[in-house]
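Novice: So that we are looking at the same thing, I have put the structure below in structure tokens.
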Amino acid sequence: RRDLLPLVSKVGLMLSDWSLDHLLEHVLDTVFENIQADRGFLLLTDEKGELVCRVARYRDPSIGELSEISISRHISDMVMQQKSVLTSDAQRDERFAGAQSIVLSGMRSCMAVPLALREQVLGMIYVDNPFEKRFSEDDLLVMTTIASVAAIKVEQAKLLLEHIEKQRIEQDLD
């Protein structure tokens, strides 16, 4: 079993009062520090319920910015149904048979977990790696733990923004 103390300390920092953008960056930083992902995305749902990428990066910063992201519709649909995804070889995984985006990307190992609170999916964390068998059940547990804390903080940040907006509107009406 991995040493969980550094993870617990990083997840504890998520409970700090940060802006939503700072929180999302910290969440993906924590994922990269604990999981051997090559790429990672943190997506949140918009007012229409569509997933929108808020943070995207490669492990190797010399590769530069991600110009566009692509996540298999199969994977995002599963996550939006509050199901986590772990695959050691997406090219051979029967769940993704016929998913052209997975075949074309050459992606092998991937994980995706929902940021969910009660029955509502607020977003997802997605990571992948071009090599087989990079992620384990332990990695999935770590990412699920990070996502659980992140979901609480994302909801809290959204409620705070709504409250501030409501106060602003009330002041404008006075």
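The values are calculated or read from the model by the stated rules, or taken from the named source; none is laboratory data. This is a predicted model, so every value here is computed, not measured. We place every Cβ from the backbone using ideal geometry, glycine too, and count neighbours over all the protein chains shown. Side chains included, ligands, DNA and RNA excluded: accessible areas come from the protein's heavy atoms. Shrake-Rupley method; radii C 1.70, N 1.55, O 1.52, S 1.80 Å.
Novice: Go through region 130-151 and give me each residue that's open to solvent by 90 Å² or more (accessible area, probe 1.4 Å) and either farther than 18 Å from Asp38 by Cα or part of a helix (DSSP H, G or I) (or both).
Specialist: Hits for region 130-151 are Glu137, Leu141.
Novice: Taking into account only those residues within region 33-56 that are outside any strand (DSSP E or B) and touching a residue at least 40 places away in the same chain (Cβ under 8 Å), which is nearest to Val149 (Cα to Cα)?
Specialist: In this case the residue turns out to be Asn34.
Novice: Same structure again: Condition first: under 13 Å from the mean Cα position of the chain (by Cα) and in contact (Cβ under 8 Å) with a residue 40 or more places away in the chain. Now tell me which residues in region 148-174 satisfy that.
Specialist: Matches in region 148-174: Val149, Ala150, Val154.
Novice: Assigned to a helix (DSSP H, G or I), buried (at least 16 other Cβ atoms within 10 Å of the Cβ) and not hydroxyl-bearing (Ser, Thr, Tyr), is that true of Val121?
Specialist: Here the answer is no, as Val121 does not meet what is asked.
Novice: Given the residues Thr87, Thr30, which is the only one that is open to solvent by less than 10 Å² (accessible area, probe 1.4 Å), touching a helix residue (DSSP H, G or I) at 6+ places or on another chain (Cβ under 8 Å) and modelled with pLDDT of 90 or more?
Specialist: On inspection, the qualifying residue turns out to be Thr30.
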